[in-house]
1. So is Leu415 assigned to a helix (DSSP H, G or I) and under 30 Å from Glu275 (Cβ atoms) or not?
2. One residue is enough: does segment 338-348 have a residue meeting the conditions farther than 25 Å from Leu210 by Cα and either in contact (Cβ under 8 Å) with a residue 40 or more places away in the chain or out of contact with any Asp or Glu (no Cβ under 6 Å at 6 or more places or on another chain) (or both)?
3. In this structure, is Asp316 surrounded by fewer than 22 Cβ atoms within 10 Å (Cβ to Cβ), acidic (Asp, Glu) and not in a loop (DSSP other than H, G, I, E, B)?
4. Please list, ordered by first then second residue, the pairs with beta carbon atoms under 8 Å, 6 or more apart or interchain, first in segment 147-163 and in the same structural domain as Asp102 (by TED's automatic domain parsing) and under 14 Å from Glu177 (Cβ atoms), second part of a strand (DSSP E or B) and aromatic (Phe, Trp, Tyr).
5. Give the residues of segment 437-453 that are over 15 Å from Leu370 (Cα atoms) and in a helix (DSSP H, G or I), sorted by residue number.
6. In the set Arg448, Arg408, Arg380, Arg400, which member is surrounded by fewer than 19 Cβ atoms within 10 Å (Cβ to Cβ), closer than 30 Å to Val284 by Cα and either among the small types (Gly, Ala, Ser) or not assigned by TED's automatic domain parsing to the domain that holds Leu317 (or both)?
7. Which number in (1) over 18 Å from Met339 (Cα atoms); (2) out of contact with any strand residue (DSSP E or B) (no Cβ under 6 Å at 6 or more places or on another chain); (3) touching a residue at least 24 places away in the same chain (Cβ under 8 Å); (4) surrounded by fewer than 16 Cβ atoms within 10 Å (Cβ to Cβ) marks the one condition that Pro441 misses?
8. Return the residues of segment 325-383 that are closer than 20 Å to Pro411 by Cα and touching a Phe, Trp or Tyr at 6+ places or on another chain (Cβ under 7 Å); say none if nothing qualifies.
Amino acid sequence: MRKPVVALVGRPNVGKSTLFNRLVGERLAITDETPGTTRDRLLAEADWSGHDFYIIDTGGIDPTKLRKQEPLSIGSVDFIDEIRAQAEIAVEDADVVIFVVDTVTGVTTADREVAEILRQKQKTINEIGHPPIIIAANKADSEKLRLNAFDFYELGLGEPFAISAIHGTGTGDLLDEVVKYFPSNEEEEEEDQSIKIAIVGKPNAGKSSLLNRIVGQERAIVSAIPGTTRDAIDTHLIWENIPITLIDTAGIRKRGAIQPGVEKYSVLRAFQAIERSDVALLVVDAISGITAQDTHIAGFINDAWKSAIVVVNKWDLVEKDSNTMVEYERGIRQDLNFMDFVPIVFISAMTGQRVQQVLPLAMRVQEERLVRLTTSQLNRILQQAQDRHQSPTTSGRPFRIYYGTQVRSEPPTFLIYCNDPELAHFTYMRFLENQIRREYPFIGTPIRLVLKKRERTERS
């Protein structure tokens with residue numbers, strides 16, 4: 001059975017992200033004193049009393065726009081409608097909704113309006129509203145504030161649970177109530193075997209637009225303002241019977257341009273998204289071309305030993321002739337010469353041009369990532385390489401290769417026994433890599449060559 005989904009919703013700055021971090025047990029959600037910090041949905045796994053489930057953090061629902069009042073979410077004033085839409089999607093996906101309110105401010109007009117929005121999103125099944133809505137009266141850090149929780153009975157959504165997300169008090173009782181609504185006799189969920197594809201790049205390159213085009217649903221907020229997506233967001237889909245997880249990430253800025261506070265967590269999360277991915281889609285703006293920041297991101301992908309595809313977006317905006325694509329690709333190869341094995345695809349997320357090629361190409365790259373060469377294949381390649389190019393000498397000592405074997409995949413890793421690893425020059429190691437790729441290209445996938453010293457005996 002699938003894991004249940006729990007959605008955290010509420011108006012801005014009631015502590016949803018703090019509660020999310022508490023329930024997940026990690027600092028996954030961005031928390032900040034500025035209302036409206038969480039703009040998009042954020043999903044993670046959690047567990048309680050033997051129940052595994054997903055929990056979704058959402059941006060604060062701000063109903064003030066309907067009344068033409070001062071917005072509650074100062075940091076997200078331009079995205080009120082989009083944030084509300086994302087929260088509503090989360091509610092539609094949820095098995096249980098935790099409606100987070102603030103005992104310090106008490107019941108507000110915005111709380112009442114959010115409660116009404118939630119009731120409207122409920123479906124009646126057997127005369128019961130679904131998904132069930134549980135009120136978490138947050139910031140109840142004192143006896144007086146805990147008593148304030150009873151005020152939220154007026155919302156007509158049942159008993160409020162007084163909690164403190166910061167200190168963790170009351171969260172156990174809250175979760176006890178949540179898991180009551182989970183399906184009984186849940187089968188233990190198998191480990192996530194989906195192929196994970198991270199969509200990364202500098203701000204405003206078109207990452208969220210690409211995600212939306214692939215998925216066919218507005219699952220991430222798209223805006224012309226750089227830096228709209230600040231959290232890494234997982235979108236699960238099935239493509240030709242293959243489970244895939246698409247990870248949309250915040251745009252990665254130059255280190256010196258990172259603003260203090262909330263944005264630094266976004267950058268960290270983008271790097272973490274690369275770390276947990278199988279394949280990274282490096283989205284490049286065709287208008288600006290490869291920038292220093294694109295090279296920085298590509299370097300991180302390469303250092304993390306992740307497979308990759310360069311996705312050149314906004315190709316519809318480039319003036320072209322018959323040689324434009326060839327010349328553009330040549331320039332990318334030069335700028336990213338340390339990962340010249342990476343395929344390049346030219347798309348327009350806006351028009352859909354060649355977007356249909358992205359997922360099949362990512363699947364091909366993932367297949368390459370899993371390839372294993374036999375020991376005999378590898379040693380034949382190594383022998384032919386040494387026949388073509390004599391190994392170098394250092395201080396009169398030649399570098400000698402005895403034999404090699406592939407010890408793992410993801411990425412393909414080759415253990416090569418030699419007389420002394422220190423005698424191997426990096427140019428010769430690059431030569432060996434190229435010789436392996438002549439036999440098998442490992443498209444889009446880095447390969448690791450690990451040298452190990454082995455004293456050669458008389459018999460060997």
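1. Working: assigned to a helix (DSSP H, G or I): no; under 30 Å from Glu275 (Cβ atoms): yes.
So Leu415 fails the test.
2. Yes, because at least one residue in segment 338-348 is farther than 25 Å from Leu210 by Cα and either in contact (Cβ under 8 Å) with a residue 40 or more places away in the chain or out of contact with any Asp or Glu (no Cβ under 6 Å at 6 or more places or on another chain) (or both).
3. Working: surrounded by fewer than 22 Cβ atoms within 10 Å (Cβ to Cβ): yes; acidic (Asp, Glu): yes; not in a loop (DSSP other than H, G, I, E, B): yes.
So Asp316 passes the test.
4. Pairs that qualify, where the first residue is in the same structural domain as Asp102 (by TED's automatic domain parsing) and under 14 Å from Glu177 (Cβ atoms) and the partner is part of a strand (DSSP E or B) and aromatic (Phe, Trp, Tyr), are Ala149/Phe161; Leu157/Phe99.
5. The first filter runs over segment 437-453 and keeps only residues over 15 Å from Leu370 (Cα atoms), leaving 438-439, 449-453.
The answer is Arg438, Glu439.
6. Working: Arg408 fails: closer than 30 Å to Val284 by Cα; Arg380 fails: closer than 30 Å to Val284 by Cα; Arg400 fails: closer than 30 Å to Val284 by Cα.
None of the others qualify; the one that does is Arg448.
7. The failed condition is (1).
8. Phe341, Leu359, Glu368, Val371, Leu373, Leu378, Asn379
The values are calculated or read from the model by the stated rules, or taken from the named source; none is laboratory data. As the structure is a prediction and not an experimental result, all values here were calculated from the model. Cβ coordinates were reconstructed from backbone atoms using ideal geometry, including for glycine residues, and neighbour counts include every protein chain displayed.
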